[in-house]
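The values are calculated or read from the model by the stated rules, or taken from the named source; none is laboratory data. What you are looking at is a predicted structure, and each value in this text was computed from that prediction instead of being measured. Here Cβ is always computed from backbone atoms with ideal geometry, including for glycine, and neighbour counts include all displayed protein chains. Side chains are part of the model used for accessible areas, which takes the heavy atoms of the whole protein and leaves out ligands, DNA and RNA. Shrake-Rupley method; radii C 1.70, N 1.55, O 1.52, S 1.80 Å.
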Amino acid sequence: MHDIGKNLVKTMMTAAGFNMIDLGCDVPLDKFAEAAKEKKATAISMSTLMTTTMSGMETVIEQLQEDGIRDSLIVMVGGAPVSQTFADSIGADGTALDASTAVETLTSLVSELPADIWSDSAIAASKMKYKESLAQKGSREKIDVGLVTAEKVKAEFDSVVPKFKETMTKAERFSASFEDKKVDRLPIATLACGVSRKFVPCSYKDYSTRAEKYADCVEAGIKYFNMDTFVGLTDLCVDAADFGATVRYPEEDTPAATGHLEDYEKLEVPEIKEGTRAYNLIQGNKLATEKAHALGAPMTALIEGPMVALTQIMGATRVLSDLRTNPDVVLKALDKTATYVEEIMKGMFEEAQPDNLCMVTLWTNNVILSADEYMKSEGQIMQNRIAPLYKKYNKPTVIHNCSDAPHWDLIHKWDTKYYSYTFYPDEVNKGSRDHKYLINTYGKKTMFAGEVSPVVFLDNSPEGIQKMKADTIALQESVLNTSRRTACSPSMQSQQAVKCRQEHPAMRLLPRPTQ
């Protein structure tokens, strides 16, 4: 979906003397081995920003093994959720934290390749080498693990669901959490989203394009995952489809904008009407809010911010490049996507009426845009147009950033009350911040969510599950200890909570991480 990192690696490797063959975005898995054989490639490099596509990297490596060419080339993997541990687990040769390190790593790995790697004898020997290991993995019968698990959960739900006594509704639990009062249990607000479709069941396409199916998934997620709120992320190309970009709708994965538009100046702000994806999203959240409230839970709708919308319409790399070389034309187009975002917000507040509205801002980190660059583009729109609209409808400003939080000193200026982010320990020198810094510096006025990269939840082995539990408990204990060390007294916290509830009644429905 997002090719900024891929293109940066391509550019730097080209400068280092490699002949880079760019397969583009959203690449079919078979294409890697096919292109490698055609070009007799020295290396394959794969990148992903989403955990949902990480398993495809291992599939590509298995295809290389089946074709007998695994030992004929180097395989590198990268992207925000990819770690050295993950690379090792799937049999990749290496990974790197950034583009410059990727060049150094690949140069070193390539130097170790033998001269006859593409000979017939080498390929035959490679096939024999991996034949036994592939046979042990068994046939590639496709099993829908999500569907099987959902059916098991539904069948056993009444008998195995925790039977602790709940003395609060989900909404009351959120309210008490925000007010720093005791709760009967910790509130649950996972950004699980589309995975709940397996309970309905329906495809991801139905979940993201059919209002009634989306609402059914919200209801199922709240019930079977015991969520205290559902954060309604469907995908990040709703606006792009309405502006005319081509969108791919796979049956079992999130939609992606694949056919970008060519001319910024020809962008026209669409009308929200039946048949548009924005209309569907508004109607879906209207139905979902009704179903959530019937279960005593608040509903959090989610929409794209102006920059996310524009990068999906025109292509991320192009927009960010043009923002530096031809900023006027980009800012005019950004003004149009901002107008559409404002109209969607009005539709949400006036018709769908969810308890909260979360906006996705994808490009707010130091590597992609500096603080000054961000404030000259989406930042000023958020501050001067989006935040005032939240206030007009007496709703808290709620932001989800798919990256980390280096620009928080800017973002908090538009009175952001809730901020969701990921912390990357390896990116601290580039501005990534953890809960200790955020709580101690801004925790009196803002609630933070996130911290943990979702890649840790891909390992459902007994050891993996135990590690998740231990890591989750350790994080909760660290958050509690951090909050106790803040200079804010309980009485001050109470006064601030009252003040914030008076200004933003809906905030009673949001979790406070310090609980």
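Assorted remarks:
- Flag if residue 361 is out of contact with any helix residue (DSSP H, G or I) (no Cβ under 6 Å at 6 or more places or on another chain) and over 30 Å from residue 221 (Cα atoms): no
The rows are residues; the columns are (1) part of a strand (DSSP E or B); (2) among the hydrophobic types (A, V, I, L, M, F, W, C); (3) at pLDDT 95 or above; (4) crowded, with 21+ Cβ neighbours inside 10 Å.
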site	(1), (2), (3), (4)
215	no, yes, yes, yes
226	no, no, no, no
240	no, yes, yes, yes
253	no, no, no, no
262	no, no, no, no
272	no, yes, yes, no
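- Selection status of residue 258, more than 14 Å from residue 208 (Cα to Cα), β-branched (Val, Ile, Thr), touching a strand residue (DSSP E or B) at 6+ places or on another chain (Cβ under 6 Å) and in a helix (DSSP H, G or I): no
- Qualifying residue in the stretch 90-105 (condition: under 24 Å from the mean Cα position of the chain (by Cα), within 30 Å of residue 199 (Cα to Cα) and open to solvent by 80 Å² or more (accessible area, probe 1.4 Å)): no
- Check on residue 221, modelled with pLDDT of 90 or more, in contact with a Pro (Cβ under 8 Å, 6 or more places away or on another chain) and buried (at least 18 other Cβ atoms within 10 Å of the Cβ): no
- One residue from 428, 398 being surrounded by fewer than 18 Cβ atoms within 10 Å (Cβ to Cβ) and β-branched (Val, Ile, Thr): 428
- Among residues of the stretch 474-494, those that are of a type in the set (Val, Ile, Thr), modelled with pLDDT of 50 or more and more than 23 Å from the chain's Cα centre (by Cα), counted: 1
- Only a single criterion out of (1) under 23 Å from the mean Cα position of the chain (by Cα); (2) within 23 Å of residue 233 (Cα to Cα) is not satisfied by residue 394, namely (1).
- Spans of helices (runs of 4 or more DSSP H) in the stretch 284-364 with at least 3 residues polar (S, T, N, Q) and open to solvent by 10 Å² or more (accessible area, probe 1.4 Å): 316-325
- Scan of the stretch 436-453 for residues that are open to solvent by 20 Å² or more (accessible area, probe 1.4 Å), touching a helix residue (DSSP H, G or I) at 6+ places or on another chain (Cβ under 9 Å) and more than 21 Å from residue 371 (Cβ to Cβ), ordered by number: 436, 444, 451, 452, 453
- Number of residues in the stretch 65-89 that are hydroxyl-bearing (Ser, Thr, Tyr) and open to solvent by less than 10 Å² (accessible area, probe 1.4 Å) equals 1.
- With respect to the conditions (1) under 22 Å from residue 126 (Cβ atoms); (2) open to solvent by 40 Å² or more (accessible area, probe 1.4 Å); (3) acidic (Asp, Glu), residue 62 lacks only one, and its number is (2).
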